[in-house]
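Below is one structure, written out as structure tokens; comments come after it.
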Amino acid sequence: MELKEYQIKVVAKLKAYLTALSEFREKFRKAVEFDPEMALDYNFPRRAWEKAVNGVYFSHKNGIGEPLPEFYLKVPTGGGKTILACHSIDLINKTYLKKQTGLVLWIVPTTQIYRQTLLSLKNREHPYRQALDISSGGRTLIKEKTDHFNRLDVEENLVILMLMLPSANRQNKETLKIFQDAGGFTDFFPQEDNYELNARLLREVPNIDCYTTLGLELETESAGSVHITQPKTSLGNTLRVLKPIIIIDEGHKAYSVNARETIRNFNPSVVVELSATPPKNTNKLVEIAGRELNEEEMIKLDIHLTNKTSLDWKDSMLCSIEKRKALEQAAGNFEQNTGVYIRPINLIQVERTGKDQRGGKFIHAEDVKEFLIKKCNIPENHIAIKSSEKDDIEGIDLLERECPIRYIITKQALQEGWDCPFAYILTILTNPGSQTGITQLIGRILRQPYAQKTKVQLLDECYVYTFRQNAATLVKSIKNNLESEGLGDIAGRINVDSGDDEGGETLKEKVLQYREKFKKFEGKIYLPKFVVQENETGGWRDLNFEADILGKIDYENFDIEKITEISLSGIRKQEQEILLGLSDEEKELVREKGRFEKTGRLEISVTFLTKQILDIVPNPWIGHAIGQKAIALFLEKYDEETVSSNFVYIIEELKKLLEKERDFAAEQVFKKLVKDKKLHFFLITDKGGFRIPPRIKVRSNRQLVRDDNTAIQRSLFDQVPEENINTLEKSVAIYLDKQEKLLWWYRNLSKQDYHIQGWKRNKIYPDFIASEINTVNEEDYGAVYVLETKGLHLKNEDTAYKQDVFELCNELGTKKAWKELGLDFPDKKVNFQVVFEGEWQNKINKIFE
């Protein structure tokens, strides 16, 4: 692999320092022989630095007190730090240590970097491995901390030992394998009974870990009286004996006190650190500017930053999809002309990726994936999710021609140690108030494929799409990180885990069961639901919303004439595109090269509109006819340019209207099925019915208690998890528990417990089920109340729908006794109530008065 000009400069400067280092080390050795005491003040790394670098040197010593050459190579993201590390090993061995073999400890901070580096170094065809093989004469061994090696391996080969930084940290020393005794390294230590050699080793390397002294002394000819101690034959001790070269990738990550102490206590002969952002008061041997990377065609510039005005994240997503399509077309033409393959990838940053975090106001990875597949017709195998729970790109070479991936959805998992030059677009779908994600992920799209410009402008630049962001803040954030912190590679300075950990405590799984006094009701608490009879003699099945309701709606009769009642804006929405490029001034890497205000206009496309309404009108032919009619209605009233400028708004309003039409039609279908006695509200005790189970599994660390911290007493189950219960629900639960006439109550679990399927798709999961005391029969429970709680701020259309469904349930439930159904079940009142914040106490008081 031919080095770039700036890389050649790095190698030359490193060689100059190592040459001076070798010269002054020889003087140090002679001084030690002449006068060991005087040699203590001879700081040869500092003297070599003053000669070759001519700057301030921050001195360090290794674990046995020897002067330690320790310096940084400051190289921005995309600058080829790893290939420079390989050439550094070659120069250190040949120029300074005067050998080709030995041990190199290569420390990395994250699993992502570890895997990528290990894979590259093990591949004999990779430029990194080839550089090492040239240095060692083809005798290179790549090892991990679980692998063993012997003295002959180190004497005859260049041994690269890969290690994760957390493994090197001695904060939990006794639990780390690296410091535990291991038989595989006995070759580096004297025999246990050779006390004289052990004593000599301990004098030469006094920081070796040993077993507790036996309290015995031995007279030796060379060492005098010594305590008998036994060195541990651990990997950690082996490193101390061998005094390795240490390479630290992303060195700024290793700047805790524990990390630095541990690394220096490995007794390195030299420490080379590579980072885009070295800490203060460190020895920076070379500093490569971003300008040099751009001149060598290593990075993509300019950066096109498009800030969408729309309130809907889907608009930004659609624009970035169109840009990626344009890039792929340009890449296809480029391949036809040159044979060079590029597959542009769109990185999409979302706010949530956890499997239990979907829903609510945050944009989830699965929401975006579903939108790409269902609305944008993106094949599923083109989409990957990268998070702590799901890693669709694990073990996949994204640069391979056979790889289909074109979209990668993540939250934080690509912030550091991820390298794919095919990444061209960053689509940010996060909270507009947060800038963290932008500054952390911008570096992921800067690398130029094959480190060579294509001379096709589209393919030599990169693109960022956001929505509702502050343009000034965006530009400032990107400029600051590109100029002062190594092209935005600042993930190591932000204290985040490389694995996209969503945070929060780990909940323990528990199995709950009925309280002892309620065990007589196990398997006997049934609740009614809407059911359909399969045929005249068949059994009952749950209402199927898709087949029984939506399947009977006449979508062709939807009235969309009212869509023209909305007014279209005559203002042409201006969409911002900001261009960041290379500055003409040396002190500044990037500057704003241009700001373009362009009309936010989409092509009037019936096909596009149809795709957007298919989740409401499932038949594409009818959907196309509705879309065609809607556009025609607006074109009768407005000119084409106005309709085009408002096209997204028209789609949003049409969807709202169609949803209302669908919900109205669904309600009519539902109530007609009830009237025609095809849909029943039944309480079923056999197969197909619902009963509260005798045992439930929950994940919880805390149980609900009363206000006075006493235990809950009337809950059906022996415990009630406090997690996932809001303030209003908690107040209602505790109040229920204090009701003297209440027998038991149950916290109904959303998405898994009792529910009612109404005439809208989403099922209704009530919050509580409660029963009053049966004053006639103590062996049975009395009337059952199904309660749904709502905060005052949630009084909306959805709440009104739930009230209507509950009202219908009460109406149908009072028209018959359950015995009339021929069921072996006593008559029992089941009442459904929606209780609001501010009135729930009064309502509960009336129920149990």
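With respect to LYS314, is the statement that it is in a helix (DSSP H, G or I) and surrounded by 19 or more Cβ atoms within 10 Å (Cβ to Cβ) true? Yes: the conditions hold for LYS314. Of all residues in the range 286-326, those that are over 30 Å from VAL11 (Cβ atoms), aliphatic (A, V, I, L, M) and more than 26 Å from the chain's Cα centre (by Cα) total 1.
Of everything in the range 632-652 that is under 16 Å from GLU565 (Cβ atoms) and outside any helix (DSSP H, G or I), the residue that is modelled with the highest pLDDT is TYR638.
Taking the listed residues LEU18, LEU103, the one that is open to solvent by less than 30 Å² (accessible area, probe 1.4 Å), under 21 Å from THR282 (Cβ atoms) and hydrophobic (A, V, I, L, M, F, W, C) is LEU18, with no other qualifying.
With respect to the conditions (1) out of contact with any Asp or Glu (no Cβ under 8 Å at 6 or more places or on another chain); (2) modelled with pLDDT under 90, LYS593 falls short on a single one, namely (1). Pairs meeting the criteria (first residue in the range 738-751 and over 18 Å from ILE764 (Cβ atoms) and open to solvent by 20 Å² or more (accessible area, probe 1.4 Å), second residue in a loop (DSSP other than H, G, I, E, B) and not β-branched (Val, Ile, Thr), beta carbons under 8 Å, at least 6 apart or on different chains) are LYS738/ARG706; GLN739/ARG714; GLN739/PHE848; GLU740/PHE848; LYS741/PHE848; LYS741/GLU849; LEU743/ARG714; LEU743/ASN774. Residues that are of a type outside the set (Val, Ile, Thr), in a loop (DSSP other than H, G, I, E, B) and either at pLDDT 95 or above or open to solvent by 10 Å² or more (accessible area, probe 1.4 Å) (or both) within the range 340-360 comprise TYR341, ARG343, PRO344, GLU351, LYS355, ASP356, GLN357, ARG358, GLY359, GLY360, listed in sequence order. Within the range 78-100, the set of residues being open to solvent by 30 Å² or more (accessible area, probe 1.4 Å) and under 13 Å from LEU274 (Cα atoms) comprises HIS87 only. Checked against the criterion of being modelled with pLDDT under 90, among the hydrophobic types (A, V, I, L, M, F, W, C), over 46 Å from the mean Cα position of the chain (by Cα) and assigned to a loop (DSSP other than H, G, I, E, B), the range 41-60 has no qualifying residue. In the condition set (1) assigned to a loop (DSSP other than H, G, I, E, B); (2) at pLDDT below 65; (3) not acidic (Asp, Glu), ALA472 is compliant with all but (1). Would you confirm whether any residue within the range 78-90 is farther than 17 Å from ILE248 by Cβ and not charged (D, E, K, R)? Yes; the residues of the range 78-90 include at least one that is farther than 17 Å from ILE248 by Cβ and not charged (D, E, K, R). Filtering the range 276-309 to residues that are open to solvent by 20 Å² or more (accessible area, probe 1.4 Å), of a type in the set (S, T, N, Q) and within 23 Å of ASN646 (Cα to Cα) leaves only THR309.
Take the conditions at pLDDT below 85 and either within 35 Å of the chain's Cα centre (by Cα) or closer than 21 Å to ASN377 by Cα (or both) and apply them to LYS655. Does it pass? In short, no.
Filter the range 56-66 down to residues that are touching a residue at least 24 places away in the same chain (Cβ under 8 Å) and within 24 Å of VAL11 (Cβ to Cβ) and give me whichever is most open to solvent (accessible area, probe 1.4 Å). Show your work before the answer.
Of the range 56-66, the ones touching a residue at least 24 places away in the same chain (Cβ under 8 Å) are 57-58, 60-64, 66.
Now restrict to residues that are within 24 Å of VAL11 (Cβ to Cβ): 57-58, 60.
Details: TYR57: 23, PHE58: 69, HIS60: 43 Å².
Step by step, filter the range 56-66, then rank; the result is PHE58.
Total residues in the range 361-401 satisfying the condition of being outside any strand (DSSP E or B) and closer than 26 Å to LYS611 by Cα: the figure is 21.
The residue pairs whose first member lies in the range 341-359 and is among the hydroxyl-bearing types (Ser, Thr, Tyr), whose second member is modelled with pLDDT of 90 or more, and whose beta carbons are closer than 6 Å, counting only pairs six or more residues apart or on different chains, are TYR341/GLU335; TYR341/ARG401; THR353/ALA365. Scanning the range 195-252 for residues that are outside any helix (DSSP H, G or I), at pLDDT 80 or above and of a type in the set (A, V, I, L, M) gives VAL205, ILE208, ILE245, ILE246, ILE247, ILE248. Residue count for the range 128-145 under the criterion of being closer than 10 Å to MET162 by Cα and open to solvent by 60 Å² or more (accessible area, probe 1.4 Å): the result is 1.
The values are calculated or read from the model by the stated rules, or taken from the named source; none is laboratory data. Owing to the predicted nature of the structure, the values given are computational and were not obtained by experimental measurement. Counting neighbours? That spans all protein chains shown, and the Cβs are built from the backbone with ideal geometry, glycine included. When the accessible area is computed, the model is the full protein with side chains, heavy atoms only, and any ligands, DNA or RNA have been set aside. Shrake-Rupley method; radii C 1.70, N 1.55, O 1.52, S 1.80 Å.
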